[in-house]
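Have a look at the structure below, then the notes.
The values are calculated or read from the model by the stated rules, or taken from the named source; none is laboratory data. Fair warning: this is a prediction, and the values are worked out from it, not measured in the lab. Cβ placement follows ideal geometry from the backbone for every residue including glycine, while neighbour counts extend to all protein chains displayed.
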Amino acid sequence: MSAPLFPLFADLRHRPVLVVGGGAAAERKTEALLQSGALPRVGAPVLTAQLSAWVQAGRIRWLTGEFQEDWLEGVWLAIAATDDVTISQALIASAETRRLLVSVAEDVELSSSRESAAQAAQVPGSVVLVGAGPGDPGLLTLNALRALNQADVILHDRLVSEGILRLARPGAVRIEVGKSAQGHSIRQEEIHALMLEHARAGQRVVRLKGGDPFVFGRGGEELQFLQAHGIPYQVVPGITAAVACAAYAGIPLTHRDHAQSVRLITAHCKASLDTLDWPALARERQTLAFYMGVGELDTLRARLTDEGCPASTPFALVENGSREEQRVVIGQLDDLPHTARHHGVRSPALLILGEVAALAETLHWFGGPPLRAPLPYSDNLSAPTLPRAA
Ligand SMILES: C[S@@+](CC[C@H](N)C(=O)[O-])C[C@H]1O[C@@H](n2cnc3c(N)ncnc32)[C@H](O)[C@@H]1O
């Protein structure tokens, strides 16, 4: 069992920090330190090309050779980023006598002792289903971060952002098992088989999913499979797209004046749309959050208006919610497919429908202001045609 850890965020601007190691792990830690405004000193006999380039550019200092205690002079923090356990232990021991904190980039001591125990006892590993949220790494939970830092193998969806994957333990093996909306790059059975294979090899597997594993994420099926095969598992919830997209678009999902309930709905394909209770969805004073609906907007509009949902019901389409490239497109139900086509809205996008969606216009705070269709559009008008060249 791993030691309980205290989460810490440190302001390291203009402060010297020692990184021991010259490989990929040291490079990642140094990059993060540079981004935080710290003054990294990297101690190692040899450096990666990137670390050398930073030395040449005068951005970091290079302490050449094997670890020496005097490298700790004047630093505020030390980072062990070497896979040489002896050096990490020497660094930790020297730092302890100075009451200096050491952050261990790669927990080599833990992983090597665990590996030999697993090999000797042939014990199964474990799987943690982790929700990665919608993209912004700041929306990960501390439990998710801890699981990523302890993972041997990470099986991740296509939608999980690079910023999140960079937070994982550098030595972890990453395998993309994503499925796109159109293609099926890897079948669910293959994902099951990969989880089983790695867990049975005694490894700590993280099954990393966009949003929350139990909201349109097939997390339930994966747990049933693991349970049937006797693999220990845990679940770390994540912030689901509806919650995150609404927050990042300035749309309160409920509001005393507008909506008293929220429905999370999958609009994945015609077959799943046919099973929905359309009269219930057309009712007022609720917010509808449609996942995977970009390809079905015409059907959504037709079914809802047929059941009496007012054509003027506000909508917001949030594309790439919480990411740098987020776009929010707003309008009224009647204009929905036209407006989405006009702006070329693509997956991943979440459709929020209901009175609250109109609040994006005044409450937006992230990224650019919401976009609209340039002209009012109605079914009575024919679609605009371009003049032909004579
Ligand atoms: C297969 S579902 C997975 C949902 C995920 N488990 C969750 O809880 O958010 C994928 C759909 O989630 C929505 N989605 C996920 N991330 C999103 C994001 N960053 N912005 C907008 N929609 C997103 C889109 O509707 C996308 O088609």
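Descriptive notes on the structure:
- Being within 28 Å of the chain's Cα centre (by Cα), at pLDDT 95 or above and in the same structural domain as THR266 (by TED's automatic domain parsing) is a property that ARG327 has.
- Residue check, PHE366 within 15 Å of the ligand (Cβ to nearest atom) and in contact (Cβ under 8 Å) with a residue 60 or more places away in the chain: yes
- Count - residues of segment 44-78 that are within 24 Å of LEU8 (Cα to Cα) and small (Gly, Ala, Ser): 2
- Inter-residue pairs, beta-carbon under 7 Å, first within 14 Å of the ligand (Cβ to nearest atom) and in segment 229-253, second among the polar types (S, T, N, Q) and assigned to a helix (DSSP H, G or I), 6+ apart: VAL236/ASN143
- Some residue of segment 58-67 being over 16 Å from ILE87 (Cβ atoms), crowded, with 17+ Cβ neighbours inside 10 Å, touching a strand residue (DSSP E or B) at 6+ places or on another chain (Cβ under 6 Å) and among the aliphatic types (A, V, I, L, M): yes
- Residue count for segment 276-310, restricted to those that are hydrophobic (A, V, I, L, M, F, W, C) and either in contact (Cβ under 8 Å) with a residue 60 or more places away in the chain or under 16 Å from ALA340 (Cβ atoms) (or both): 9
- Strands (runs of 3 or more DSSP E) enclosed by segment 141-213 - at least 3 residues per element that are out of contact with any Pro (no Cβ under 6 Å at 6 or more places or on another chain) and buried (at least 17 other Cβ atoms within 10 Å of the Cβ): 153-156, 204-209
- Subset of segment 203-219 that is within 8 Å of the ligand (Cβ to nearest atom) and within 14 Å of the chain's Cα centre (by Cα) - its residue that is nearest to ILE175 (Cα to Cα): LYS209
- Every residue from segment 321-348 that is of a type outside the set (Lys, Arg), within 21 Å of MET292 (Cβ to Cβ), within 13 Å of the ligand (Cβ to nearest atom) and surrounded by fewer than 23 Cβ atoms within 10 Å (Cβ to Cβ): GLU325, GLN326, VAL345, SER347, PRO348
- Residue pairs meeting the criteria (Cβ under 6 Å; at least 6 apart or on separate chains; first farther than 12 Å from LEU371 by Cβ, in segment 313-324; second within 11 Å of the ligand (Cβ to nearest atom) and of a type in the set (S, T, N, Q)): ASN320/GLN326
- Residue, nearest to the ligand (Cβ to nearest atom), within segment 267-298, restricted to residues that are at pLDDT below 95 and among the β-branched types (Val, Ile, Thr): VAL294
- The requirement of being of a type outside the set (Asp, Glu), within 19 Å of ARG169 (Cα to Cα) and in a loop (DSSP other than H, G, I, E, B) is fulfilled somewhere in segment 74-90, by at least one residue.
- Any chance ALA282 is surrounded by 14 or more Cβ atoms within 10 Å (Cβ to Cβ), outside the structural domain of ILE191 (by TED's automatic domain parsing) and within 28 Å of LEU145 (Cβ to Cβ): no
- Within the set SER103, SER111, the sole residue that is surrounded by 13 or more Cβ atoms within 10 Å (Cβ to Cβ), part of a helix (DSSP H, G or I), at pLDDT below 90 and among the hydroxyl-bearing types (Ser, Thr, Tyr) turns out to be SER111.
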